[in-house]
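Okay, structure first, notes after.
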Ligand code: LMR
């Protein structure tokens, strides 16, 4: 039986009222959009949010004001989704690996190891399957606006991670996705779900031994200062969904909604265009710091990781749904390694 906690009850009641907390903003001039996120301003997502703010404010001629709150200043990973549903904030761009708690497990398909071979393969998947998945958010009071790409995951610890055996017994921080949990277990590690804002401290104090992530986050959160070894494994992919409180969006006057849509389109093009270079630059800065060794796996090592991780696809199909996995394989052009 599903447990109904008081918090959940409150959330359901607020949702039933149609996210009324979102509405008073519409009566004010200007309309205020609070955009909360968990990363630093100087990252692809941080810069995308800032560009969105500039475009919306300029094109609405000041009728919409966008307030960007970076670095989990307002809410952590899980809390921000609840805040969006309640209308305490209007916009977010969480990683797709954090949608499980909303009950949209299909999003975890994006975490299947080695699913995407390149950015084009990822983009094709968001353009097709991603669009369908947006419809599943609507009953949660959320409207999906766009997908923002942030490149491939790298892996870190205080010991070299070359072979699968190197992971044995390591406590590895993950986002809340069950696919990521299965991935770490398949490598022999012990996964630990943790909010992004707690990661640096947890690595520094040894609560966890390692993590996966992208170079722009490793650099801006100073992860490389508390992790001696980084492996460029590219085993996973980090992407965000730009989402908005649905009642708020639907309640906007048509002309302001059009302004928002056009700003979203252009900010998305911008965020997607800078991600690769931002991550490459961050990696160069990490290398230049001399604090962390950056290792590129050999073909044989990469193949060993792939072999160890493929069972995760099979084991997670029942959770994510076969139709979703099939659609992702088709869109991504996935071919299982021999
Ligand atoms: C993480 O929690 O590692 C990422 O989702 C953070 C982010 O938003 O880039």
When only Cα pairs under 8 Å and 6 or more residues apart are kept, what is the percent relative contact order across the chain? 25 percent
What's the ranking of 299-305, 170-176 by average number of surrounding C-beta atoms within 10 Å, highest first? 170-176, 299-305
20 °C / 1.002 mPa s Stokes-Einstein diffusion coefficient of the chain, Kirkwood radius on C-alpha pairs, µm²/s: 104 µm²/s
Rounded to 10°, Cα long-axis angle of helix 6-16 versus longest principal axis of the chain: 50 degrees
Once fully extended, how much extra length lies between residue 190 and residue 119, figured as 0.36 nm per residue of separation less the alpha-carbon to alpha-carbon distance? 22.7 nm
Taking the chain as the reference, fit the longest principal axis to its C-alpha atoms, fit the long axis of helix 44-59 to the helix C-alpha atoms, and give the angle between the two in degrees, 0 to 90, nearest 10. 20 degrees
Using just the helices of the chain, give the 222 nm mean residue ellipticity in deg cm²/dmol: DSSP H runs with n ≥ 4 each add -39,500 (n - 2.57), and the total is spread over all residues, rounded to 500. -14000 deg cm²/dmol
For the stretch 63-180, the spread of Cα positions along each principal axis, largest first, Å: 54, 33, 26
How many angstrom lie between the Cα centre of the stretch 265-330 and the Cα centre of the stretch 146-185? 10 Å
Cα convex hull volume per residue for the stretch 43-107, in Å³, equals 98 Å³
Would you mind classifying the stretch 236-338 by shape? Square roots of the alpha carbon gyration tensor eigenvalues, ordered a ≥ b ≥ c; an a/c under 1.5 is rounded, otherwise it is prolate if a/b is larger than b/c and oblate if not. oblate
Nearest 10 degrees is fine. How inclined is helix 322-332 to the longest principal axis of the chain, computing both from alpha carbons? 80 degrees
Quickly rank 83-94, 141-152 as a protection proxy: mean count of other C-beta atoms within 10 Å, highest first. 83-94, 141-152
With the contact rule set at Cα under 8 Å and sequence spacing of 6 or more, what percent relative contact order holds for the stretch 69-156? 20 percent
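Values in this text are rule-based calculations from the coordinates and carry no lab data. Predicted model only: the values in this text are computed from it and were never measured. Here Cβ is always computed from backbone atoms with ideal geometry, including for glycine, and neighbour counts include all displayed protein chains.
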